[in-house]
1. Dipole size in debye (nearest 20) for the chain around its Cα centre, Lys and Arg Cβ +1, Asp and Glu Cβ -1?
2. Quick one: of Lys146/Lys175; Lys56/Lys189; Lys35/Lys68, which pairs are farther than 19 Å apart, Cα to Cα?
3. Return an integer: the convex hull volume of the alpha-carbon atoms of region 48-89, in Å³ per residue.
4. Please report the relative contact order for the chain, taking Cα pairs under 8 Å with a sequence separation of at least 6, and give it as a percent rounded to a whole number.
5. Can you tell me which lysines have their Cα less than 25 Å from the Cα of Lys266? Leave out same-chain residues fewer than eight positions away.
6. What's the FRET efficiency of Ala42 with Met292 using the Cβ-Cβ distance as r and R₀ = 30 Å, to the nearest 0.05?
7. What's the extension gain from Ser210 to Thr79 if we count 0.36 nm per residue and subtract their Cα-Cα distance?
8. Counting only heavy atoms of protein chains, what accessible area per residue, in Å², does the chain have with a probe of 1.4 Å?
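The values are calculated or read from the model by the stated rules, or taken from the named source; none is laboratory data. Keep in mind it's a predicted model, so treat the numbers as computed, not measured. We place every Cβ from the backbone using ideal geometry, glycine too, and count neighbours over all the protein chains shown. For accessibility, only protein heavy atoms count, side chains too; no ligands or nucleic acids. Shrake-Rupley method; radii C 1.70, N 1.55, O 1.52, S 1.80 Å.
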Amino acid sequence: RRYGNIFTILLGGKYVTFVTDPLSFDAILKENRSKLDFSNFASQLVFKIFEFQGPKQYQKVLKSHSTKYLMGSSLAVMTQAMMDNLQVLLLELDADMKPGLQEWKQDGLLEHCYNIVFRAGYLALFGSLPTNGKSGHIQDLLRSQKVFEEFRKFDRLFPRAFLSALLPNEKQEMKRLRRFFWDILAPQKILEKDNVSPWIYFSQQQLADSGVSDIGQSQNNLILLWASQGNTGIVSFWALLFLLKNPEALKAVREEAEGILRKMGKERRPGGVPIQVEYSMLQQTPVLDSVMEETLRLVV
C-alpha cells in the first residue's frame with residue numbers, strides 16, 4: 001500500500017525488485033533481453049550449488065544445444081524414449097523381488113508421481129546399461145531407484161544451500177550427494193551406455209572439445225539432470241491431483257485417450273497386451289494439453 005505495485009528492497013545484502021501487478025508482466029517481458037538478463041544469477045547458482053564454472057560462451061552454447069535437441073524431430077525421439085520408459089516403470093515387477101512375491105503397495109501420490117516420472121526421465125536422458133539379458137534391465141531399474149532417492153535428498157537441501165543456510169551436517173551431506181552424482185554421471189560412464197539422449201551426448205562432447213575436465217563434465221551433467229527433472233514429477237503430481245478432484249475433467253481426458261486408441265486400432269482390453277503409446281498419439285490430445293497448461297498456470 002505504501003510503495004505501490006513495483007518496489008525494490010534490500011534483502012540478504014542484495015537488492016530485489018518485486019512486480020506484484022500481473023498487468024505489468026507483459027510490458028516487462030517485451031523489453032530488450034539485456035534489461036532482464038538471467039545469466040549472472042544462473043552463473044552464481046551453478047557455481048554455488050554445482051561447483052561448475054563453464055567455459056566462455058557456456059550459456060550461449062547450452063541454449064544452442066537445447067534449441068537443437070529439444071525441439072522438432074529430436075524432441076519426438078526423446079518423447080518416445082520417455083513414453084517407453086514410463087511404460088516399463090509402471091508395468092514392471094519390482095526389480096529386487098522374485099516372481100510370486102509381488103503384492104499391492106500403498107504410497108503417497110506425490111512420491112509415486114515423482115518417482116516414476118523422474119526415473120523415466122533419467123533413463124531417457126542418460127541411457128541404459130548395454131543390453132545383457134534381463135540382468136542389465138534389472139540393474140537399470142535398481143540404479144534409477146537409487147538415483148531418485150539421492151536426488152530427493154539433494155532437492156530438499158537445494159534451497160537452503162543456495163541461501164548458505166545449511167547446518168554443518170547438511171553441508172557434509174551436500175558434499176556427499178555431489179560426489180555421488182559426479183560419479184554416476186561421469187562422462188566415461190555415460191559413453192558406455194546405450195540410448196543416451198543427443199542433448200546429453202553432444203553437450204558433453206562440446207565441453208570436452210572446449211577443454212573442460214571430466215569432473216567439469218560430470219558437474220554439467222548434474223546441472224542438466226536437475227534442470228530437466230526438478231519440476232517434471234511435481235507437475236505430474238499436481239495434474240493428476242487436479243484431475244482426481246475434478247471428475248468431469250478426468251472423464252474428458254479418459255474419453256479423449258480412449259477415442260485416440262480406437263482410431264488407431266489399439267483399444268484397451270482387460271488382461272490384454274499393454275498398449276504401446278506412440279508420439280503421434282500425443283499430438284492428438286487437445287484436452288490433455290489444456291489440462292497440463294492449466295496445471296502449469298496454477299502451480300508454476
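1. 760 debye
2. Over 19 Å Cα-Cα: Lys56/Lys189; Lys35/Lys68.
3. Values: hull volume 3.8 nm³, N = 42.
Dividing the Cα hull volume of region 48-89 by its residues yields 91 Å³.
4. Details: 235 pairs, mean separation 61.2, N = 300.
Over the chain, the number comes to 20 percent.
5. Within reach: Lys251.
6. Working: r = 26 Å, r/R0 = 0.85.
Calculated value: 0.75.
7. On the way: separation 131, 0.36 × 131 = 47.16 nm, distance 2.92 nm.
Contour length minus Cα-Cα distance gives 44.2 nm.
8. Details: 19380 Å² over 300 residues.
About 65 Å² of surface per residue is accessible.
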